[in-house]
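**Q** Shown below is the structure under consideration.
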Amino acid sequence: MPKSKGIETATVYLPMECAKKIKHMVLQESNRQIIDEFLIIQGMKEKFLEADVSIPNKIVMFGPPGTGKTLTAFYLAHKLNLPLIVVRLDAIIHSHLGETASNIRKIFEFAKAATCVLFLDEFDAIARARDAIDEVKEMARVVNTLLQCLDEFQGDSTFIAATNLEEELDNAVWRRFDTRMTYDLPGLAELKQFLINLLGESESSLQVIEQSTPILRGCSFADIEQIILKAKRKVIIEDSEMSYEKIADAYKAYNPKAQQGDFKMSSRTSGNEEGQLVWN
Ligand SMILES: Nc1ncnc2c1ncn2[C@@H]1O[C@H](COP(=O)(O)OP(=O)(O)OP(=O)(O)O)[C@@H](O)[C@H]1O
Ligand SMILES: [Mg+2]
C-alpha cells in the first residue's frame with residue numbers, strides 16, 4: 001500500500017471482514033436493484049466482451065451521512081469476493097497539490113495491479129468543480145489527474161466514490177461514472193426491517209418495534225443503530241427486557257436531531273424512479 005506523510009494511504013479489508021460489517025444491512029429497493037444488476041454483469045463478463053458492450057466498473061454514491069454508502073462498498077466487496085480498499089483522504093490530500101495528484105495516481109495504480117474494490121469517501125473533497133477553485137490553478141491539476149485515472153481505470157477492479165455534499169461537483173467527473181446511486185434516510189419499511197435486523201422478530205420485539213417506529217422516523221440508519229445499542233446496554237445493565245421506554249430514553253439521551261447536519265438534496269439533483277442520481 002502506498003504511503004504518504006508517513007501513513008498508509010488506504011485501509012484494506014479482506015472479503016471475510018467485509019461480510020461481518022454487513023450483517024444488519026438494509027438496502028433501499030432501488031439501490032438493491034442497481035447492485036444486483038451490477039453483480040450479474042460482473043458474473044457474465046465474457047458475454048459483454050463478445051458483444052463489445054462495456055462492463056460497468058465505476059459507481060458514484062450520493063446521500064446524507066449514515067445511510068449506507070460505505071456499507072454498500074463492504075457489501076459489494078463481499079459479494080465479489082475481493083478485498084476492499086478504503087482510501088484515507090486525509091492521507092492523500094497534501095498541502096503540495098502536486099503531491100496530492102501523485103498520491104491519487106499511486107492509489108489507482110495499486111488498484112490496477114491487484115483486483116479489488118477501491119472506495120473513495122468524501123469524494124467531493126478532490127472532485128470539486130474546477131471553476132470554483134480556479135484561483136487555485138494547481139487544484140485543477142488534481143481534478144485532471146482524477147479524470148485521467150477514471151478514464152484509464154480498466155480491468156477487473158471496481159471504483160466507488162461517495163459524497164454527501166450538495167455542493168456542485170465537476171460535471172466532467174460525474175460523467176465518468178457508469179453507475180449512480182442515491183441514498184436517503186430510511187423510509188417506513190426500511191426502518192422496520194432495520195429494527196427487525198437489530199432486535200429480532202419475536203412477538204415482544206415486534207411489539208416494541210411497532211411502538212418505537214414513530215419516534216425513530218427521520219433518523220439515519222447510523223443514528224438508529226446507536227440508539228438501539230444504547231437501549232441494549234441498558235437492558236444488560238438492568239438485567240431487564242427491551243421495551244419502548246428504553247428506546248425512548250436512549251433516543252432522548254442520544255438526541256439525534258441535534259447531531260444531524262442540515263443535509264438537503266441539492267436543487268440540482270433528484271432521484272429518478274430507479275433511485276439513480278439525476279442532474280436536472
Ligand atoms: N442501510 C443501512 N443498513 C444498515 N445499517 C446501516 C445502513 N446505513 C448505515 N448503517 C449503519 O450506520 C453506520 C454508518 O454507515 P455508513 O458508513 O455506511 O454510512 P455512510 O452513508 O457511508 O455515511 P457517511 O456519509 O457519513 O460516510 C454503519 O456502520 C451501519 O452500522
Ligand atoms: Mg461513508
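The values are calculated or read from the model by the stated rules, or taken from the named source; none is laboratory data. From a predicted model like this one, the values you see are computed outputs, not experimental measurements. Virtual Cβ from ideal backbone geometry, glycine too; neighbours counted across all protein chains shown. Only protein heavy atoms, including side chains, enter the accessible area calculation; ligands, DNA and RNA are left aside. Shrake-Rupley method; radii C 1.70, N 1.55, O 1.52, S 1.80 Å.
**Q** Residues being open to solvent by 70 Å² or more (accessible area, probe 1.4 Å) and either modelled with pLDDT of 50 or more or of a type in the set (Phe, Trp, Tyr) (or both): count how many of those fall in region 254-275.
**A** Going through region 254-275 one residue at a time, the tally reaches 4.
**Q** Continuing with this model, one more query. Condition check: surrounded by fewer than 19 Cβ atoms within 10 Å (Cβ to Cβ) and either part of a helix (DSSP H, G or I) or touching a Phe, Trp or Tyr at 6+ places or on another chain (Cβ under 7 Å) (or both). Does GLU122 satisfy that?
**A** It is false that GLU122 is surrounded by fewer than 19 Cβ atoms within 10 Å (Cβ to Cβ) and either part of a helix (DSSP H, G or I) or touching a Phe, Trp or Tyr at 6+ places or on another chain (Cβ under 7 Å) (or both).
**Q** Now for a separate question. Might you let me know whether region 35-42 holds any residue that is away from ligand 1 (no atom under 15 Å from the Cβ), touching a Lys or Arg at 6+ places or on another chain (Cβ under 6 Å) and of a type outside the set (S, T, N, Q)?
**A** yes
**Q** Give the residues of region 199-220 that are hydrophobic (A, V, I, L, M, F, W, C) and surrounded by fewer than 21 Cβ atoms within 10 Å (Cβ to Cβ), sorted by residue number.
**A** LEU199, LEU206, ILE215, listed by residue number.
**Q** Here are the criteria: (1) modelled with pLDDT under 90; (2) away from ligand 1 (no atom under 16 Å from the Cβ); (3) not in a helix (DSSP H, G or I). Tell me which single one ILE55 does not satisfy.
**A** That leaves (1) as the condition not met.
**Q** May I pose another question? State which residue pairs qualify: first residue farther than 11 Å from ILE228 by Cβ and aliphatic (A, V, I, L, M) and inside region 184-208, second residue open to solvent by less than 40 Å² (accessible area, probe 1.4 Å) and within 16 Å of ligand 2 (Cβ to nearest atom) in any location, beta carbons under 6 Å apart, and separation of 6 or more residues or different chains.
**A** LEU185/SER220
**Q** Can you work out which of the residues in region 126-146 that are among the small types (Gly, Ala, Ser) and closer than 17 Å to ARG176 by Cα is modelled with the highest pLDDT?
**A** Applying the filter and picking the extreme gives ALA140.
**Q** Which of the residues belonging to region 72-108 are in contact (Cβ under 8 Å) with a residue 60 or more places away in the chain, part of a helix (DSSP H, G or I) and open to solvent by 60 Å² or more (accessible area, probe 1.4 Å)?
**A** Result: HIS78, GLU99, LYS106.
**Q** Right, something else. Where in region 147-233 are the helices (runs of 4 or more DSSP H), entirely inside, with at least 2 residues that are of a type in the set (A, V, I, L, M, F, W, C) and closer than 30 Å to LYS246 by Cβ?
**A** Result: 188-199, 203-216.
**Q** Does region 63-80 include one or more residues that are more than 16 Å from ligand 1 (Cβ to nearest atom), out of contact with any Gly (no Cβ under 6 Å at 6 or more places or on another chain) and at pLDDT 95 or above?
**A** Yes, region 63-80 has at least one match.
**Q** Out of region 1-34, which residues are open to solvent by 70 Å² or more (accessible area, probe 1.4 Å) and either more than 16 Å from ligand 1 (Cβ to nearest atom) or basic (Lys, Arg) (or both)?
**A** Within region 1-34, LYS3, LYS5, GLU8, LEU14, MET16, LYS20, LYS21, LYS23, ARG32 meet the criteria.
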